[in-house]
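Read-outs: derived from the displayed coordinates by stated rules, not from any lab. Because the structure is a prediction, the values reported are computed rather than measured. Neighbour counts are summed over all protein chains in view; Cβ atoms, including those assigned to glycine, are modelled from backbone coordinates with ideal geometry.
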Amino acid sequence: MKKTLKRSNAPIFWALFGAGGMLSALLGPILVFITGLAVPLGMLLPADTMSYANMLTFAQNIIGKGFIFAIISLFLWHAAHRIFHSLHDVGIHAGIVAKLIFYGGAMVGTLITAYTLLAIGF
Amino acid sequence: MSENQRIIEIEVLRYNPETDKEPSRQVFEVPFTDDMSVLQGVQYIKDYLDGSLSFRWSCRMAICGSCGMMINGEPSLSCETFLRDYYPARVRVEALAHFPIEKDLVINMEGFIEKLESIQPYIIPKEERTLAQGEYLQTPAQLASYEQFSSCINCMLCYAACPQFGLNAEFIGPAAMALLHRYNIDSRDAGKAERMELVNSEEGVFNCTAVGYCSEVCPKHVDPANAVNQNKTNSAADYFLRFLTPKGGAK
Amino acid sequence: MNKRRPYVRPMAGWWRKNPFFVEYMIHEGTALFVAAYALILLTGLVYLSRGEAAWNVWLEGLKNPWYIAFHWLTLAAMCYHTYTWFKIMPRTMPPVIVGGKRLPDFAITGSGLAVAATASLAMLGLVWGMAR
């Protein structure tokens, strides 16, 4: 009666989901506060915190590059995985199409991030 | 019956496969006392109001795992849920969610039994010991590591609490995974590699989205969600490490 | 003839039927904000790569009241994500034994939240230090 079992490839997406979930749980709120509120509203932080010169220096630094890449790509993979499962939860079992749209979307976002970071140079 | 007897309305989801197209609700007025469980209320209906009502029960003391029902939408053992806690409101009783209804409050549990079998819920020793060699010894600490997961009474409340099982009946589900984990971490067992095939499969742990309600409703505090989610880590390690180790658990 | 005819109940709207599931859908829903925020940052990165004028357009755009309101909402969603992430954490990891006793769930959740708070303060300090 033993069925043949097919190994799930979910660990790849689950690992990316988990890494992004942890990173966004640790740093998500403060990043949103800094880039979306403190800087635009001129609260708390110096006025030129996100000036072109500062941000370019940061994005040209190897550590800065790594940080930006990790934040954007892992946030995307985390969200893609969760939204994909939520669609299943609400009864939209789009299967392979939804998988392509969400994981594909995260992949495209990751590639654009990597390409742009390289284009900015060192 | 005592003087402080009151009347409570019990609404039961009825289904007769021979006559009904789909289930429908029927309300009964049941006299009850403070010491009466929902199970006793349902038994009163069968004994005095409608003998055709079907439901499962056995021990009346929360150990046989037979009398699970949805009580006001929550998976509960009806023997340890009391009518007094709902009075004067009406109490709604329904067969365990996510399982096919066989009749009234009786569900079809064949799928669950098959899953229980599939995890090989017994110790698979590295080497069989003969009677002369004596028993398989274990320290109290080794026992403590899995004891919680061995408390499952197969009541299936966790399946009725698991939307992922409701959405995909193939999912191996909370209780079976808890029992699988219980054997995998037993120091006397060597069957982990075989069982990991199931954990890793399409029917395995990655159907779970960590809702966690299974552990909330468990009457024996087994915490099946913990067993499932620990095995996501185990499965992911197995998935990635198989490329590094010569044998691994991979197929 | 077999008289068995098991009835399978529909799943539609399951998550509305229990407060526990409603909460689950809300914390899953925080992913929409995580995605939106990642896309905002990605847009910023692309503008940065196009030079100072482009960057300043993006930076000015953030001052739009709609963006500000959206970021307040995103902040709330992110905080809720942080809280629920660490609330579930004890369920997702092997038991932590300290001094022969199993660490209670609230200690694990509390530690996670404390680490998040520390990391956030460190981040804020770092940004403040680098900008000065």
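Compared with the dominant Cα axis of chain A, that is its longest principal axis, helix A:62-89 is turned about 40°. The loop-placed trypsin sites (Lys or Arg not before Pro) in segment C:6-58, going by DSSP, that have at most 16 neighbouring Cβ atoms within 10 Å of their Cβ come out as C:17, C:50.
Projecting the Cα atoms of A:18, A:61, A:118 onto the charge dipole of chain A, computed from C-beta unit charges around the Cα centre, puts A:18 farthest toward the positive end.
Charge dipole of the protein assembly as shown (Cα centre as origin; +1 on each Lys and Arg Cβ, -1 on each Asp and Glu Cβ, all else neutral): 1100 debye, rounded to the nearest 20.
For segment B:73-177, which trypsin sites (Lys or Arg not before Pro) pass both filters: DSSP loop (anything but H, G, I, E, B) and at most 15 other C-beta atoms within 10 Å? All intermediate terms of the calculation are to be shown ahead of the outcome.
Working: sites: B:84, B:90, B:92, B:103, B:115, B:126, B:129; in loops: B:90, B:126, B:129.
Sparse-neighbourhood loop trypsin sites (Lys or Arg not before Pro): B:90, B:126, B:129.
Projecting the Cα atoms of B:40, B:124, B:241 onto the dipole axis of chain B, where Lys and Arg carry +1 and Asp and Glu carry -1 at the beta carbon, places B:241 farthest toward the positive end.
With viscosity set to 1.567 mPa s and temperature to 4 °C, compute the Stokes-Einstein D of segment B:1-49, Rh being the Kirkwood radius across alpha carbon pairs; µm²/s, no decimals. Kindly include the intermediate steps, with their values, before the conclusion.
Working: Rh = 12.0 Å.
D = 108 µm²/s.
Spin-label pair residue B:89-residue C:11: with each label point 7 Å from Cα along the Cα-Cβ axis, the two points sit 2.7 nm from one another.
Remark: the protein assembly as shown is approximated by an ellipsoid whose semi-axes, taken from the C-alpha gyration tensor as √(5λ), come to 49, 29, 22 Å, largest first. Angle check, please: helix C:65-92 long axis (alpha carbons) against the longest principal axis of chain C (alpha carbons), in degrees 0 to 90, nearest 10. Approximately 40 degrees, to the nearest 10. For the protein assembly as shown, the Cys residues with no second cysteine's beta carbon closer than 4.7 Å are B:67, B:79, B:152, B:155, B:162, B:208, B:218, C:79.
To the nearest ten degrees, helix C:52-61 and the longest principal axis of the Cα atoms of chain C are 50 degrees apart.
Before anything else, pin down the relative contact order of chain C: Cα pairs under 8 Å, at least 6 apart, normalised by residue count, whole percent.
Details: 49 pairs, mean separation 23.3, N = 132.
Across chain C, relative contact order equals 18 percent.
Cross-link pairs exceeding 18 Å in C-alpha to C-alpha distance, out of A:6/B:232; B:21/B:103; B:126/B:192; B:46/B:220, comprise B:46/B:220. For segment B:110-241, would you read off the P(r) tail past 19 Å as a percentage of all alpha carbon pairs? Every Cα pair in segment B:110-241 considered, those over 19 Å come to 49 percent. Mind checking the log10 I(q)/I(0) for chain B at q = 0.11, 0.15 Å⁻¹? Debye, one equal scatterer per Cα, no solvent, two decimals. The Debye formula, applied to the Cα set alone, gives -0.67, -1.03. Here r is the Cβ-Cβ distance between residue C:23 and residue C:114 and R0 is 30 Å; the resulting FRET efficiency, rounded to 0.05, is 0.85.
Where in segment B:145-248 are there chymotrypsin sites (Phe, Trp or Tyr not before Pro) that are in a DSSP coil and have at most 12 other Cβ atoms within 10 angstrom of their Cβ?
Values: sites: B:146, B:149, B:159, B:165, B:171, B:183, B:206, B:213, B:239, B:240, B:243; in loops: B:171, B:243.
The qualifying sites are B:243.
Mean projection of the Cα convex hull over all viewing directions, computed for segment B:112-189: 6.0 nm².
Label-to-label distance for residue C:39 and residue B:133 is 6.2 nm, based on points extended 7 Å past Cα in the beta-carbon direction.
Tell me, how many Å apart are the Cα centres for segment C:61-118 and for segment B:1-67? Each part reduced to its Cα centre gives a spacing of 43 Å. Kirkwood radius for segment B:6-107, taken over all pairs of different Cα atoms as the inverse mean of 1/r, rounds to 13.5 Å. Spin-label model, residue B:34/residue A:108: points 7 Å from Cα along the beta carbon direction are separated by 6.6 nm.
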